[in-house]
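Remarks on the structure that follows.
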Amino acid sequence: NNISRLVKANIRLTVNTMISAKNISAIDELINYSIHKGVKRIRFILFIPRGRGFSNEQSFLLTDKNKTEIKNKIALAKVQHKNILDIRFSDYYEHPYIVLEPDGKLIKELPYESNDEIIWEFKSKVHAIS
């Protein structure tokens, strides 16, 4: 319901979803769902062992073959839906991502949190405008 309300209010949003060994088959369903709801952007993120995923890594970890299949499937979907849905793909194993955390830390994120690097730490906190 929230997605429908946001789309109706013309608020740009991105559906982010983690792809693991347990939900590879859901890629097409998520793309179709997003198109049906009027979402303009979806991002698929390859499973990374963070948080609870770390303790359940073996259940969710993707094989190299899985990763290649997912990349090919998403590349094809990008072409098929290019005028309808902006499909993005994030792979922390190929390169790190720069993330600004709520506590003001600018972090280079890698697949494992223990390997993350703090790039910069902002001293003053940014407050949300309500």
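Brief remarks on what is shown
- The phi-based Karplus calculation (6.51 cos²θ - 1.76 cosθ + 1.60; θ = phi - 60°) puts the 3J(HN,Hα) values of the range 39-50 at 5, 9, 9, 9, 10, 9, 10, 5, 3, 10, x, 10 Hz, whole numbers, x for Gly and Pro.
- The rule of thumb for compact globular proteins, 2.2 N^0.38 Å, goes into the C-alpha radius of gyration of the range 25-100 1.20 times.
- Couplings for the range 19-30, taken from phi via the Karplus curve 6.51 cos²θ - 1.76 cosθ + 1.60 with θ = phi - 60°, read 9, 10, 4, 8, 9, 3, 5, 8, 4, 4, 4, 5 Hz in order; Gly and Pro are left as x.
- The residues of the chain expose on average 70 square angstrom of accessible surface per residue, using a 1.4 Å probe on protein heavy atoms.
- With the largest listed first and rounded to whole Å, the semi-axes of the equivalent ellipsoid of the range 7-59 from the Cα gyration tensor are 26, 13, 7.
- 5 angstrom amide H check on residue 89, placed H, neighbours 5+ away: 44
- Rounded to 5, the percent of DSSP beta bridges in the range 1-106 classed as antiparallel: 10
- Calculated translational diffusion coefficient of the chain (20 °C, 1.002 mPa s; Stokes-Einstein with Kirkwood radius over alpha-carbon pairs) equals 129 µm²/s.
- Just the protein heavy atoms count here, and of the accessible area of the chain at 1.4 Å, carbon and sulfur take up 52 percent.
- Residues in the range 1-36 reached by a label modelled at residue 56 [backbone nitrogen below 12 Å; 7 Å Cα→Cβ]: 20-23
The values are calculated or read from the model by the stated rules, or taken from the named source; none is laboratory data. Just so it is clear, the model here is predicted, and its values are computed rather than measured. Cβ: placed from backbone, ideal geometry, glycine included. Neighbour counts: every protein chain shown. Please note that ligands, DNA and RNA were not included when accessible areas were found on the heavy atoms of the full protein model with its side chains. Shrake-Rupley method; radii C 1.70, N 1.55, O 1.52, S 1.80 Å.
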